[in-house]
1. Going through region 1-81, which GluC sites (Glu not before Pro) have at most 15 other Cβ atoms within 10 Å and a DSSP loop state?
2. Packing-wise, with mean Cβ within 10 Å as the measure, how do 450-457, 279-286, 214-221 rank, highest first?
3. Sorted by average packing, counted as other Cβ atoms within 10 angstrom per residue and highest first, what order do 251-260, 106-115, 497-506 take?
4. Tally up the carbon and sulfur contribution to the accessible surface of the chain as a whole percent, 1.4 Å probe, everything protein left in place.
5. Report the Cα centroid-to-centroid distance between region 191-247 and region 402-470 in angstrom, as an integer.
6. So which aspartates and glutamates can LYS485 reach, going by Cα to Cα under 15 Å and dropping same-chain residues fewer than 8 places off?
7. Which value in nm describes the separation of the simple spin-label points at VAL442 and ASN460, placed 7 Å from the Cα toward the beta carbon?
8. Over every pair of different alpha-carbon atoms in region 10-151, take the mean of 1/r and invert it; report that Kirkwood radius in Å.
Amino acid sequence: MTALTYTILTDPTSLEASVDGRSPSTGTVYLMVTNTGKTVPWLRIEVKVPVGDGPGHLTRDIGTINPRGEYTDTQSGPQANNQPVIVQPVIVQPQGVDVFQVTTQSGRLEAFAPGDYLMLTLENVTVAPTAGVAVLMVTETTRTSRGWQLSDAAVPVVKAAAKEIPAPRDFRPDKAMLDTGENVTLSWDGSGDFGYEIRFPGGHAAIAPGTRTWSPADAPKRATTYILVATDPTTQKQHFLTTTVQVRYPVLETLTATTGIDTPWVQGTANKGRVTFTGTGVEIFGDSGGQGTVTADRADLNGVNTEWVQGRSADDGKITFPKDGLDVRQGGGAWGTVHADKADLNGINTEWVQGRHADDGWISFPKEGLNVRRGAGQAWGTVFADKADLNGVNTEWVQGRSADDGKITFPKDGLDVRQGGGGWGTVHADKADLNGINTEWVQGRHADDGWISFPKEGLNVRKGAGQAWGTMFADTADVNSVITKEVRGSGEGKGYIQFLEQDKGVRIFGGVSAGWIRGLNDDEAWIRFNAKGIWVLTRRNGQRTSANVSCATVNDRPA
C-alpha cells in the first residue's frame, strides 16, 4: 500500500483511441498525488507508461509526450505556494523510454505534508489506436522509521473507441451581398480529418489540410452557389454544405427567360450605356446620358426612322434624309460618293458621272445632251461600245481604237476618210450605193490592180501601179462617142482598126467583112457585095443608078 494517493484525470475527459487515416487522437493526462494522512518524507515517484498498439497501452510513441510537474504547499502560509519539481524520462528498457521520474526540487528527501498535492502533467499524449484500459504503474520511494520503503500503485486510464468525425457546420461567406469586382471569403467549422473540396459553377478547388477558409481566384460576377464537400478518409462518407452569395450588379454570360423579362431599363457594366423601354419602343443612351449608338453586325427591321446614318468613324460617309429623298455626304459635310455594284433607279439627277479613280473618264450633262471627258480635266474623252443605236451623232471626227487607225472627219461639204497619220484613207466596203462620187482615181483592192483616173476630158484606164494604159473589159458599151487609137477584137490574132492622123482615115488590119458599105450621108453612094462582085449604087436627081464592078479590076483582098 502506498503512502500517497494517486488519481488520474484526462483532457478531454474521455480519451479516444486513434484511428489510422485520421489525425492522431491526442490529449493530456494529469496524475494528481495527494496526502490524506500524516506527513510523508518522499524522495521520488516513478510513473511507467505502457507503450504499444494494444488495448492496454496508452500510446505508441512516448517521445511525443511533454512531461512537467508542480508541487503545491497549502499549509505553510496563508496562500498556496507552488514550486516545480523535477520530471525526467528514465531509460528502463532497451527499446526506449517508458518511465517518467519525479524528484524534489532539491533532489533530497522532503516532507509531503497532509493537504499538499503534486500534479504530474503529461501533455500531447498520442493515444494508442486500440480502445481499452491502459494502466500506469506508479512506484513511490519514501522514508519510514524502519528505513526506505518502495510502494506500488496501479492507476487506470480509459481509452474510448473513436467516434465518427462530427459533420462540418456553419459554411458561410464573409459578405452575403457583393459589389462588382468584390471578392468573397468562405469559412466553415469542421474536423481537420476530413478532406475538403469546394465546388462552384464551372469548376472546383481542393482545400489544403488544416485550412478552414477559401476565396475564389476570380470575384463572382453573378449570384453564385458554392458547395463544401467534406469526405471522411476512412469511410469515404461525404457531407455537403451549400452557401450562396449575391452580386449587386450581376454579369450574366447568358440569360434564358421562358416567360419574358420585365425591367424599365438595361445598363452595361464597365461602359454604362443604357437601353430604356418606352411606350413606343426603346431608347439608347450613352455613358453621359445623351442619345447613344447601336453597334451591331446586322439589323433586320421593318423600318428605321432616323435623322442620319454614318459609318463608325467620325470622318466616315454620312447619309441624311431630307424631305425630297436622301443626301450622301462625306464626313466633313461635302457631297460624298455612293459605291455599289449595281444601281437600279428610275432616274438620276447629277451634274456629272465618273469612274472610280480621279483619272477615269467622266460624263457631264449640259442642256444640249451629254459631254464625255477624260481624266481630271476638260479634254474630250472616248466612248467605247459594242453597238450604238442613235438618231444622230454630232462629232468632229470618228477614228478606230488605235492612234494610227483610220479616221473620218466631217467637213461642211461631206466627209473625209483619212489614214491615222492624216493622209487620204481607204473606204473598205462590199457595196456602195451612192448618188455620186467625186474622186481623183479608182483602183482595185491590190497595188498592182488596174485603176481609173478622171481628167477633165473624161476618164483614163491605167494598169498596175504606173501610168501605162490599161484595158476596159465589158460585154456591151453604149456610148455616144469613142475616141481611141485603135479598136481590137476580143481574142488573140483578131483583126483591129487603127485610127490614123487627121484626114488620113483608118487602117483596118485583118480585112473587112461586110454585106454593104455606105457613105456618111443618106444621098451618098453605097456598095453592096454579091456573088457577081461589087454592086455600086448611087442616087442622082432622086433616081438610083447602079453598076457592077467585076473583081478583075480590083484586088481580091488588099494586103
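1. Counting only loop positions with at most 15 other Cβ atoms within 10 Å, none of the GluC sites (Glu not before Pro) in region 1-81 qualifies.
2. Values: 450-457: 12.1, 279-286: 10.5, 214-221: 14.9.
Result, highest mean first: 214-221, 450-457, 279-286.
3. Descending packing order for the listed peptides: 106-115, 497-506, 251-260.
4. The C+S portion of the solvent-accessible surface of the chain is 50 percent.
5. 108 Å
6. Leaving aside aspartates and glutamates fewer than 8 places away in the same chain, those within reach of LYS485 are GLU501, ASP503.
7. In this crude spin-label approximation the distance works out to 1.8 nm.
8. Here the Kirkwood hydrodynamic radius works out to 16.3 Å.
The values are calculated or read from the model by the stated rules, or taken from the named source; none is laboratory data. Since the structure is predicted, the reported quantities are computational estimates derived from the model, not experimental observations. We place every Cβ from the backbone using ideal geometry, glycine too, and count neighbours over all the protein chains shown. Protein only, heavy atoms only, side chains kept; ligands, DNA and RNA dropped before computing areas. Shrake-Rupley method; radii C 1.70, N 1.55, O 1.52, S 1.80 Å.
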